[in-house]
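The values are calculated or read from the model by the stated rules, or taken from the named source; none is laboratory data. Only a predicted model underlies this, so the values are computations on that prediction, with no experimental measurement involved. Ideal geometry is used to build each Cβ from the backbone, glycine not excepted, and the neighbour counts take in all protein chains shown.
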Amino acid sequence: MAGRFITFEGGEGCGKTTQIKLLAEYLQKKNVDVVLTKEPGGTPIGQELRKMLCTGDKDKFDAVAEALLYYADRRVHMQQKVLPALNKGEWVISDRFADSTMAYQYYGYNKRLSKEMLNNLYEMTVGNFYPDLTIILDIDPKVGLQRSIARNNQTQANETRHESRETEFHENLRRGFLEIAKTADRYVVLNADVSIEDLHKQIVAVIEKRLF
Ligand SMILES: Nc1ncnc2c1ncn2[C@@H]1O[C@H](COP(=O)(O)OP(=O)(O)OP(=O)(O)O)[C@@H](O)[C@H]1O
Ligand SMILES: [Mg+2]
């Protein structure tokens, strides 16, 4: 069977990482070869970029520099991991992809960058290639951030650069993802403020309907 590229998107703490793990287990039981990956940081070079992007002061570089660093990560990720896996017929599930860049850099920052600039970067970096399916987990940012903070306390991760932004940023982000979802058929928006098990069942139903 041909490879598939599935991306998960949504604000902080909406449950992407949790749901991706459950989906991978489900697919593996169906004998699908699954590759789990993430942006930023899906490759060794990406890990270096992730450190720059996810730790430290939220204003340590401007929105243009930030977008370029995300696209550098994406370029390496596509070349070194995503495309080779898809070419082997594997299913690649990515924890965030280009829609996050549009949501954070354009909507979150209240249009500090233009959509055109971000779309041009996409075209230059990824080309005329899109995920087969993008699942957007939608949640009130207050609920998501609470989950994220609780998780970071447990794991001692200091990836708090984005969490530290103000409420308005996260509300813009949520609206942004919902706007983006209207632009193509590959998007499915699910309410993430339900139990882990319920959400997993809904995701499985989407996958079965759309990709099998
Ligand atoms: N449906 C849910 N209900 C309650 N808690 C949840 C749910 N889904 C995930 N969680 C918990 O919330 C925290 C954040 O979940 P997770 O790490 O999966 O989110 P994420 O979208 O990957 O966040 P980030 O964007 O920060 O990486 C975890 O501690 C997880 O166990
Ligand atoms: Mg996560």
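What to note about this one:
Yes/no matrix, rows are residues, columns are (1) loosely packed, with under 14 Cβ neighbours inside 10 Å; (2) under 28 Å from Glu25 (Cα atoms); (3) among the small types (Gly, Ala, Ser):
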position	(1), (2), (3)
Asn128	yes, no, no
Asp132	no, yes, no
Asn153	yes, yes, no
Arg165	no, no, no
Phe177	no, yes, no
Ile180	no, no, no
Val189	no, yes, no
Leu199	no, yes, no
Ile207	no, yes, no
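- Among the residues listed as Ala72, Ala67, Ala85, Ala98, the single one being touching a Phe, Trp or Tyr at 6+ places or on another chain (Cβ under 7 Å) and more than 15 Å from ligand 2 (Cβ to nearest atom): Ala98
- Checking Gly89, Gly56, Gly11, Gly42 one by one, the residue that is in a loop (DSSP other than H, G, I, E, B) and at pLDDT below 95 is Gly56 and no other.
- Hey, Asn120 loosely packed, with under 13 Cβ neighbours inside 10 Å and either under 21 Å from Ala72 (Cα atoms) or among the polar types (S, T, N, Q) (or both) or not: yes
- Residue in the range 157-167 that is among the acidic types (Asp, Glu) and over 18 Å from the mean Cα position of the chain (by Cα) present: yes
- Residues located in the range 16-38, provided they are outside any strand (DSSP E or B), touching a Phe, Trp or Tyr at 6+ places or on another chain (Cβ under 8 Å) and away from ligand 1 (no atom under 14 Å from the Cβ): Leu27, Val32, Asp33
- Candidates Gly13, Gly3, Gly41: the one that is touching a residue at least 60 places away in the same chain (Cβ under 8 Å) and within 15 Å of ligand 1 (Cβ to nearest atom) is Gly13.
- Residue pairs whose Cβ atoms lie under 6 Å apart, separated by 6 or more positions or on different chains, with the first residue in the range 126-155 and farther than 23 Å from Leu23 by Cα and the second away from ligand 1 (no atom under 11 Å from the Cβ) and of a type in the set (A, V, I, L, M, F, W, C), are Val126/Met78.
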